[in-house]
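First comes the structure, then the notes that go with it.
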Amino acid sequence: MAVGYVKRKDGTLEEFGRTEVIMNTLNPVWIGKFSIAYQFEIVQPLVFRVYDVDTKFHNLPVESLKLKEQEFLGEATCVLSQIVTKQNKTLALKLQRKDGHGAIIDLGSLTVHAEEAISSRQAFEMIFHCTQLENNDLFSKSDPFLRISKIVEGGNVIPICKTEVVKDNLNPIWKPICLTMQQFGGKDNPLLIECFDFESSGNHKLIGKLQKSVADLEILYQEKAGANFLKASSVRHDHMKTLKGQLFVDEFCEKTMYSFLDYISSGFELNFMVAVDFTASNGNPRLPDSLHYIDLSGRLNAYQQAIFEVGELIQFYDSDKHFPAWGFGGRTTDGGLSHCFNLNGSPSESEVDGVNGILSAYSNALHRVALAGPTLFGRVINKAAQIASQTVSDNQRKYNVLLIITDGVLTDLQETKNALVKASDLPLSVLIVGVGGADFKEMEILDADNGKRLESSTGRIATRDIVQFVPMREVHGGQISIIQALLQELPGQFLTYMRSRNIVPHFGNDFHSPVG
């Protein structure tokens, strides 16, 4: 019998499943599955232990077995991301245990296979338009949007999707929306489609509603027919009044929506890059109150902590573990002020080997580079964008992740916006960690979590949000780790890019991007 555990941060093991017992064999193949929620944003260490179950217990349910009463055959360890990044999501591990003298002995191997418990990759893309909607506004026309909800047992409704708001229009056409089978459950399941007049106060006025399944919407599309909205009568609230306003389906097509793990297990990688702030506001690195102070006791400063924690997680998604690493805002050995210099001191090569390579290059640079300023992000973002652009040209299966760690107030906000807007077309995400007590208002602007996309000085709007900002002080002492806060949006940003380019995972060696 095999038993699976998750290893917690404090080293304790939490059991999450047991296989069935297979009798009299040294080469068991178990059918029993373990369920575990994959979380990209945290490292999930797993431990598997194999036991020889005594014959007298064979008729008992496995959950009731006391493990102390069984013979321990050995254990294997890995992290979940090591399994899911393998091409066939299968990983062979050494089964080991310590002998009486503490020496580790090998006892065969354990092969672990992961499957994503996804109900269906099937999705439907639709374009809706409406005609002759009721006007709710006195001095202008309504600002309509649609909200789609699934109806669950007991008649409760759960919103699953909404369109954008179309201003001042009673015959609106909305951008395409995509509904996945996971969201609505089945083509015949009822959906509630409500049309609202948007109000900035949040008290949106209902224009009308109707109930249709995805199958019904497909029929509307095929027949080029409209469906009338209904509204409760102002005279009798139990009576629904049929309105003039109608909903039409202009486009209806079936799509396959691949998951983040589909891409990762078919050979896509994350290419990790780091940029470190060497401006004078960090304080003299030789003094203990400096943000760059290297504590000889081994306690990590905020820069080291961010490099280690983000790098430790992303390294599993990067096969060569060669990471470009830069500094900015420092005066290098030639006396020149640089806003993008190689952290390892090399004039030509920015890559270092592994997370330890970044940490080592960073601590060595503190002896070589004089802190200066101001704080400019534009150059390092453009440098990362250059690498991302090259991965596209070379048709590599790579998505690039730039980590910027800074203590300062930006002095090139518009140039940084310009660089990010340009980079939003590339396979790139930018993670920003704010250390120290500075005012990080500009970083919140770059993050664009308020729904307002970045705009360049020429008026170009970012095609997607590629920035995630987290101030270190907000996560210290909180339950959420800096990594979770920083990385939770990354799989979504990755998928938005892949889907916008119609790049699909290929599960053989025949990768072809539809986009040149």
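Over the chain, average the accessible area per residue using a 1.4 Å probe and give it in Å², no decimals. Intermediate results must be reported in sequence, preceding the final value.
Working: 25990 Å² over 516 residues.
With all protein chains present, the chain gives 50 Å² per residue.
For E351, put the label point 7 Å out on the Cα→Cβ axis and report which residues of the range 260-282 keep their amide N under 19 Å from it.
Hits in the range 260-282 for E351 at 19 Å: 267-275.
For the range 1-23 and the range 229-305, what is the separation of their Cα centres, given in Å?
One Cα centre to the other: 32 Å.
Given K231/K255; K89/K422; K86/K398; K321/K383; K212/K255, which pairs have Cα atoms separated by over 23 Å?
Result: K231/K255; K89/K422 exceed 23 Å.
Collect residues whose amide H, placed 1.01 Å from N in the peptide plane, falls under 5 Å from the amide H of F469; neighbours closer than 5 in sequence don't count.
I432
Could you sort out which of K205/K417; K167/K187; K417/K441; K141/K241; K162/K417; K7/K98 sit more than 24 Å apart by Cα distance in this structure?
Pairs exceeding the cut-off: K205/K417; K167/K187; K162/K417.
Once you place label points 7 Å from the Cα toward the Cβ at M240 and L300, how far apart are they in nm?
Result for the modelled spin labels: 5.6 nm.
Across the range 260-501, what fraction of all alpha-carbon pairs, as a whole percent, falls in each successive 10 Å bin from zero upward?
7, 34, 39, 17, 2, 0
Counting residues in the range 239-373 as N, plug N into 2.2 N^0.38 Å and put the Cα Rg over that result.
My calculation over the Cα atoms of the range 239-373 gives 1.67.
Of all the Cα-Cα pairs you can form in the range 2-117, what percent are over 19 Å apart? Display every interim value, and only then the final one.
Details: 3279 of 6670 pairs.
Counting pairs separated by more than 19 Å, the tail of P(r) holds 49 percent.
When averaged across all projection directions, what area in nm² does the alpha-carbon convex hull of the range 122-256 cover?
8.6
Given the alpha-carbon gyration tensor of the range 394-439, what are the semi-axes of its equivalent ellipsoid in whole angstrom, ordered largest first, with each equal to the square root of 5 times an eigenvalue?
25, 14, 6
Could you state the orientation-averaged shadow area of the convex hull built on the Cα atoms of the range 241-295, in nm² to one decimal?
For the Cα atoms of the range 241-295, the hull's average projected area reads 12.3 nm².
Divide by every residue of the chain the summed helix terms, -39500 (n - 2.57) for each DSSP H run of at least 4, and state the resulting mean residue ellipticity at 222 nm, rounded to the nearest 500 deg cm²/dmol.
The per-residue figure over the chain is -6000 deg cm²/dmol.
First compute the accessible area of the range 122-256 with a 1.4 Å probe, then give the percent of it belonging to carbon and sulfur atoms.
Carbon plus sulfur share of accessible area: 49 percent.
Write down the radius of gyration of the range 304-366 and its Dmax, each obtained from C-alpha positions, in Å.
Rg and Dmax of the range 304-366, Cα atoms, are 12.1, 38 Å.
Report the Cα-based extents of the chain along its three principal axes, largest first, to the nearest Å.
Sorted largest first, the three principal extents are 84, 77, 46 Å.
What distance in nm separates the simple spin-label points at Q211 and R453, each placed 7 Å from Cα in the Cβ direction?
Distance between label points: 3.7 nm.
Under the rule of at least 5 residues apart or a separate chain, name every residue whose amide H is placed under 5 Å from the amide H of G17.
G4
On alpha carbon coordinates alone, what is the Rg over Rh value for the range 353-430, Rh being the Kirkwood radius?
Using Cα coordinates only, the ratio equals 1.02.
For the peptides 423-434, 15-26, what is the packing order when you average, over each peptide's residues, the other Cβ atoms within 10 Å and list the highest mean first?
Ranking, from highest mean packing down: 423-434, 15-26.
With no solvent and one equal point scatterer per Cα, compute the Debye intensity ratio I(q)/I(0) for the range 4-55 at 0.23, 0.25, 0.29 Å⁻¹ and report its log10, rounded to two decimals.
Results for the range 4-55 at q = 0.23, 0.25, 0.29 Å⁻¹ read -0.95, -1.05, -1.23.
Count the DSSP beta bridges whose two residues both fall in the chain, then state the antiparallel fraction as a percent rounded to the nearest 5.
75
Enter the Cα centre distance for the pair the range 149-211 and the range 405-459, rounded to the nearest angstrom.
Distance between centres, Cα-based: 32 Å.
Given 5 Å bins starting at zero, what is the percent of C-alpha pairs of the range 68-136 in each, up to the one with the largest pair distance?
Percent of pairs per bin, in order: 3, 11, 14, 12, 11, 9, 7, 5, 4, 4, 5, 4, 3, 3, 3, 1, 1.
The values are calculated or read from the model by the stated rules, or taken from the named source; none is laboratory data. These numbers come from a predicted model, not from an experiment. Note that each Cβ is placed from the backbone with ideal geometry, even for glycine, and that neighbours are counted across all protein chains shown. These accessible areas exclude ligands, DNA and RNA; they are computed on the full protein's heavy atoms, side chains included. Shrake-Rupley method; radii C 1.70, N 1.55, O 1.52, S 1.80 Å.
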